[in-house]
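Below is one structure, written out as structure tokens, with a few remarks after it.
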Ligand code: NAD
């Protein structure tokens, strides 16, 4: 049986024979770019989103006569990704280790008909070109939104309560209560706002209610229904500038698109309340990395936390790895994993299979999963358009 990964050589003759299933119809070439799991993935089979565990799709895809190629090798013109995208019919990627599908990649991808994002967030695919080229883009909508909302709450708490420096102090063998308490606060009584109140943003608002904030605010060009607003007692603010000027804690929960790229830049950061906390688990490129690091260094931001970076994996010298506030804390950055808990992986692997199954059978897709349909936008979340 053909089993092609970055570790195993690609065999053209085997592939050719697999192109034709028993019924004579052509099996499809399905290419997946996933992250390397190493020994963790060998020991933990529920790490489904890894190169080793292949979203659990290989036996099923191969039993249908399709060819399944999996690799983490995605950068550069000689990469596995660039080589095999040229005749792949279907591409599976994840936001955690994104295979970037630029207009140049689309140009090479002569057979590409369907891109499936195993997770939520398809900004690593040039969606405008997907529309032009009539390549469908689907994601497993909702698969990890609770996982991310929980992470956002955790990030707010760890920043506001100054948790990380306190824990590092303990590991160092030190004990100085005042040194950490001098920058520790309660979430209760704070004004908290989200940029984007979709599936994740709304779940964040819901989870904040028991913390008794002073006020919950949101900015989204798609307003919540009055029922949803009143269920969490949230108020919509007309502009993002006004939102950030009112909040002690701001969280970003909007997709990355033309209207959000670099949205949180030096200018917007200067409009934040001095000493505010910012949590971004949406996409790194929504924030200007240097402006954020400067704002933290100056104390304009008291803290910044999240798991998303403008390029992934983040380079070793990325300023967000080591940036600190004037008291030596305020950094809650981790690798991109909030939406890839083992619970989430089970859901997005199952959702990917469902999307493929519908595609193979020519069945209608769940409309919530469709980002780009056949040559047209199918979502209102990736920017305002007529
Ligand atoms: P969603 O489509 O349910 O909601 C997104 C909301 O953002 C929509 O209501 C949309 O109108 C709003 N929005 C878009 N542009 C905006 C703007 N300029 N200003 C204000 N609001 C705007 O999506 P979701 O499921 O809530 O996910 C949101 C994003 O979170 C994803 O697109 C992805 O980038 C990110 N995400 C990250 C992880 C992770 O692991 N860190 C996992 C899942 C999703």
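A few remarks follow.
- Only listed residue being within 11 Å of the ligand (Cβ to nearest atom) and not in a helix (DSSP H, G or I), chosen from 258, 238: 258
- Among the residues of the stretch 107-127, those identified as in contact with a strand residue (DSSP E or B) (Cβ under 9 Å, 6 or more places away or on another chain) and either within 16 Å of the ligand (Cβ to nearest atom) or assigned to a helix (DSSP H, G or I) (or both) are 115, 116, 117, 118, 119, 120, 121, 122, 124, 125, 126, 127.
- Consider the stretch 128-139 and keep the residues that are away from the ligand (no atom under 16 Å from the Cβ) and either in a strand (DSSP E or B) or in contact with a helix residue (DSSP H, G or I) (Cβ under 6 Å, 6 or more places away or on another chain) (or both). The one that is farthest from residue 379 (Cα to Cα) is 133.
- Of the residues making up the stretch 308-319, one or more are in the same structural domain as residue 247 (by TED's automatic domain parsing), more than 10 Å from the ligand (Cβ to nearest atom) and not in a loop (DSSP other than H, G, I, E, B).
- Residue 325 meets all of the listed conditions (1) over 19 Å from the mean Cα position of the chain (by Cα); (2) touching a residue at least 12 places away in the same chain (Cβ under 8 Å); (3) surrounded by fewer than 18 Cβ atoms within 10 Å (Cβ to Cβ); (4) more than 27 Å from residue 59 (Cα to Cα) but one, namely (3).
- Selection count where residues are under 17 Å from residue 147 (Cβ atoms) and not in a strand (DSSP E or B), scope the stretch 320-346: 13
- Single residue of 249, 204, 191 found to be closer than 25 Å to residue 122 by Cα and at pLDDT 95 or above: 204
- Filter result (outside any helix (DSSP H, G or I) and closer than 20 Å to residue 190 by Cα) within the stretch 263-280: 272, 273, 274, 275, 276, 277, 278, 279, 280
- Checklist (1) buried (at least 16 other Cβ atoms within 10 Å of the Cβ); (2) within 16 Å of the ligand (Cβ to nearest atom); (3) over 22 Å from residue 274 (Cα atoms) applied to residue 211, failing item: (2)
- Conditions (1) more than 12 Å from the ligand (Cβ to nearest atom); (2) in contact (Cβ under 8 Å) with a residue 12 or more places away in the chain; (3) out of contact with any helix residue (DSSP H, G or I) (no Cβ under 7 Å at 6 or more places or on another chain); (4) closer than 27 Å to residue 132 by Cβ: number failed by residue 367: (2)
- Qualifying residues in the stretch 241-254 (those that are outside any loop (DSSP other than H, G, I, E, B) and in contact with a helix residue (DSSP H, G or I) (Cβ under 9 Å, 6 or more places away or on another chain)) - the one surrounded by the most Cβ atoms within 10 Å (Cβ to Cβ): 251
The values are calculated or read from the model by the stated rules, or taken from the named source; none is laboratory data. Worth saying up front: this structure is predicted, and the values here are computed from it rather than measured. Heads up, the Cβs are rebuilt from the backbone with ideal geometry, glycines too, and the neighbour counts pull from every protein chain shown.
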